[in-house]
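The values are calculated or read from the model by the stated rules, or taken from the named source; none is laboratory data. As the structure is a computational prediction, the values presented were derived from the model and not from experiment. Ideal geometry is used to build each Cβ from the backbone, glycine not excepted, and the neighbour counts take in all protein chains shown. What goes into the accessible areas is simple: the full protein's heavy atoms, side chains included, and nothing from ligands, DNA or RNA. Shrake-Rupley method; radii C 1.70, N 1.55, O 1.52, S 1.80 Å.
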Amino acid sequence: MFDIQTLGNIPESLKKIKNPPQELFFVGNKELLNRKKIAIIGTRRPISYAKDMTLKISKRISENGGVVVSGAAMGIDALAHIGAGENTIAVMANSLDIVYPKINKELIKNIYSKSLALSEYGSSYEARQYSFVLRNRIVVGLSDAVVITQADIDSGSMRSAEFALEFQKPIFVLPHRYNESSGTNMLLKEKKAIAIYDIDQFIIQLVIEIKREPNDVVIEYLKSNPDYNDAVAKY
């Protein structure tokens, strides 16, 4: 049996969004909320390329001190949590006393034990169609940036992209072939997202964009385009 508690103070980033949650319940390590957070979301039926890249990106974020936020759904969400190991936050569309979806039962229990799960619902609340959309606003609102590794135009992930644009969060996507991932391809075409062509450079870019401080010596160093391994060794 897991200890479900009330978070108390809503994170500042969530207070700034439209229709913020009035209360959050949690299970696990709430200290993860104090770290740099990157949302990784996408389709429930990813192709092999998106699966592989989701695991790689989430792992690299975790290795570089970041926390991966997602929604514990099938597909990309589950892979994002798995790749991040213990450095992950799952935002649920149901109350935390219900494990859903059942196919991710072991993953969710592992998140409860070693990471962090959040919900705005008290007890005995089952996921509904609208609660998935409401969950997505929390996933995006908590995060410093959003990565969408695969999504079609008519998908929940694209609603999350709308939240990201509304909340002024940077969006990153994978480059796909023209007949795959129509949603992320559209975001690229409309210049609403940045393509990840190189994971190492993506990690450095996150450091620059999310942790920027005036006259930061790290920023000045990174302007010289150092080798990734040299940058990690130095800082």
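When the trypsin sites (Lys or Arg not before Pro) in the stretch 144-211 are filtered for DSSP coil states and for at most 16 other beta-carbon atoms within 10 Å of their beta-carbon, the remaining sites are R177, K191, K192, K211. Shape class for the stretch 1-158: rounded, because the ratio a/c of the largest to smallest gyration tensor axis (alpha-carbon atoms, square roots of eigenvalues) is under 1.5. To the nearest ten degrees, helix 199-210 and the longest principal axis of the Cα atoms of the chain are 80 degrees apart. Modelled this way, with points 7 Å down the Cα-to-C-beta line, the labels at K30 and K192 are 3.5 nm from one another.
Of all the accessible heavy-atom surface of the stretch 20-145, with the other protein chains kept in place and a 1.4 Å probe, what percent is carbon and sulfur? The computed percentage sits at 48. Pairs spanning more than 24 Å between alpha-carbon atoms, out of K169/K191; K169/K189; K30/K105; K51/K102; K37/K189; K105/K192: K37/K189; K105/K192. When a/c is below 1.5 the answer is rounded, else prolate if a/b is larger than b/c, else oblate, so apply that to the stretch 40-88 with a ≥ b ≥ c taken from the square roots of the Cα gyration tensor eigenvalues. Here the stretch 40-88 falls in the oblate category. Once the Cα atoms are used to define both axes, helix 156-166 deviates from the longest principal axis of the chain by about 60 degrees.
Using the Cβ-Cβ distance between E106 and I4 with R0 = 30 Å, the FRET efficiency computed as 1/(1 + (r/R0)^6) comes to roughly 0.95. Using C-alpha pairs under 8 Å with a sequence gap of at least 6, the mean separation divided by the residue count of the chain gives a relative contact order of 18 percent.
Once the chain from Q201 to E162 is taken as fully extended at 0.36 nm per residue, the excess over their C-alpha distance is 11.5 nm. Relative to the longest principal axis of the Cα atoms of the chain, the long axis of helix 129-142 makes an angle of roughly 40 degrees. So what is the 222 nm mean residue ellipticity for the chain from helices alone, if each DSSP H run of at least 4 adds -39500 (n - 2.57) and you divide by all residues, rounding to the nearest 500 deg cm²/dmol? Rounded to the nearest 500, the figure is -12000 deg cm²/dmol. Computed about its Cα centre, the charge dipole of the chain is approximately 320 debye, with only Lys, Arg, Asp and Glu carrying charge at their Cβ. Ligands, DNA and RNA are left out, and with a 1.4 angstrom probe the accessible area of the stretch 1-140 is 47 Å² per residue. Springs join every pair of Cα atoms under 10 Å in this Gaussian network model of the chain, and among S113, S124, S181 the largest mean-square fluctuation is at S124.
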